[in-house]
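Accompanying notes for the structure given below.
Please treat every number below as a calculation from the coordinates, not as lab data. Everything numeric in this text was worked out from a predicted model, so none of it was measured. Cβ sites come from the backbone with ideal geometry, for glycine too, and all protein chains shown count toward neighbours.
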Amino acid sequence: MGTANDFAKTVGIPLDVDKAIDIIAAGRTRAVDVGVANDRCFLNAASIGVSTRIARALKSRDKRRFGVLAYAVATARVLTQARPFRAEISADGQSRIIHAIQITVASGRHYGGAFTIREDAVADDGQLDLVAIRLRRWWRLLGLTPSLLRGRYRNERKVLTLRAPAITVGTRHAHAVDLDGDLLASTPVEFGIRPGAMRVFAPTDEA
């Protein structure tokens, strides 16, 4: 019953309400990872950049009226003003400095209403997946859309990806961090993962 149902899609909860209720009635549960950003927990995805402006632009009345299309409305409002920012990303003992318009860190697979962080990402592997979009012109994002939708970036030089249980992102100036749709943290931010920290009603391999 959410706006985009990204987490539901990640764990295979049917978007048909009656079928979802059947899972609860059958008592089917599974353990999923919980992400941490500084001292805040998040269940699905955290992001810095364009998405935080979209979160500010998303209006409750638009979400009620348009549902997932509200994301498209908000995106159209902010994309033309997007500018790259400098970020230092550290993981597994290595650091790199990039200029990006968007950085997303996810414990699940789907985010932003339509995008895939990585095609093989799951909600219970004890890992975080990062995707950073390194573009200086927002309109070049259109060429990346197929890769962002599928979560496949093998031939994309404008996208940085990495997988690790802990990731740190620092920026020259403080940037807001969007956690599951709410602006609840700011850079510098240390991301971590709590494996299997939460049980949810969802289909299981045995079901």
| field | Within segment 167-207, backbone nitrogen closer than 16 Å to the virtual label 7 Å beyond the Cα of ARG28 toward Cβ | value | 200-207
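At 10 °C and 1.306 mPa s, grab the translational diffusion coefficient of segment 88-207 from Stokes-Einstein with a Kirkwood Rh over Cα pairs, rounded to a whole number in µm² per second.
103 µm²/s
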| note | Two pseudo-spin positions, 7 Å from Cα along C-beta at ARG199 and at ASP92, lie apart in nanometres by 3.4 nm
